[in-house]
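Okay, so here's the structure we're looking at.
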Amino acid sequence: MNEKFIEKKLVETVKKLGGIAPKFVSPGFDGVPDRIVLLPHGVLAFIEVKAPGKKMRPLQVRRKRQLERLGFSVYCIDCIEQIGVILDEIQSS
């Protein structure tokens, strides 16, 4: 299983929940999470997707903390089993 497969499953699962998970690209602002998860009722979170066992780079960790200080939820997933758990958490927050 690789990162692209996990990312594809994330996008599919979010779509089944009635949401979208567009790729997040921010020119000139490196280290941002891979996806913005937008769910019904104005629910928003950022998700960084990694290959199994891989960790975020130091710049990605700094961006995660920066976004969290602004009040946003930011998650890192590295396996498909985490998708449902994290989406449940996002929806309940």
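The values are calculated or read from the model by the stated rules, or taken from the named source; none is laboratory data. It should be emphasised that the depicted structure is a prediction, and the values quoted were computed from it without experimental measurement. For neighbour counting, all protein chains shown are included, and Cβ atoms are generated from backbone atoms with ideal geometry for every residue, glycine included.
Before moving on, here are some points about what is shown:
- Candidate set: the stretch 1-18, residues that are outside any helix (DSSP H, G or I) and touching a residue at least 40 places away in the same chain (Cβ under 8 Å); chosen: the one surrounded by the most Cβ atoms within 10 Å (Cβ to Cβ): L17
- If you go through the stretch 49-76 and keep only what is within 14 Å of the chain's Cα centre (by Cα), touching a residue at least 12 places away in the same chain (Cβ under 8 Å) and outside any loop (DSSP other than H, G, I, E, B), you end up with V49, Q60, R63, K64, L67, V74, Y75, C76.
- Test: F46 is modelled with pLDDT of 95 or more, part of a loop (DSSP other than H, G, I, E, B) and either within 10 Å of the chain's Cα centre (by Cα) or at negative phi (or both): no
- Considering the stretch 28-40, and only residues there that are among the aliphatic types (A, V, I, L, M) and not in a loop (DSSP other than H, G, I, E, B), the residue that is surrounded by the most Cβ atoms within 10 Å (Cβ to Cβ) turns out to be V37.
- Answer from V25, V43 - the residue that is hydrophobic (A, V, I, L, M, F, W, C), surrounded by fewer than 17 Cβ atoms within 10 Å (Cβ to Cβ) and without any contact (Cβ under 8 Å) to a residue 12 or more places away in the chain: V25
- The set of residues in the stretch 77-93 that are in a helix (DSSP H, G or I) and in contact (Cβ under 8 Å) with a residue 24 or more places away in the chain comprises I83, G84, I86, L87, I90, Q91.
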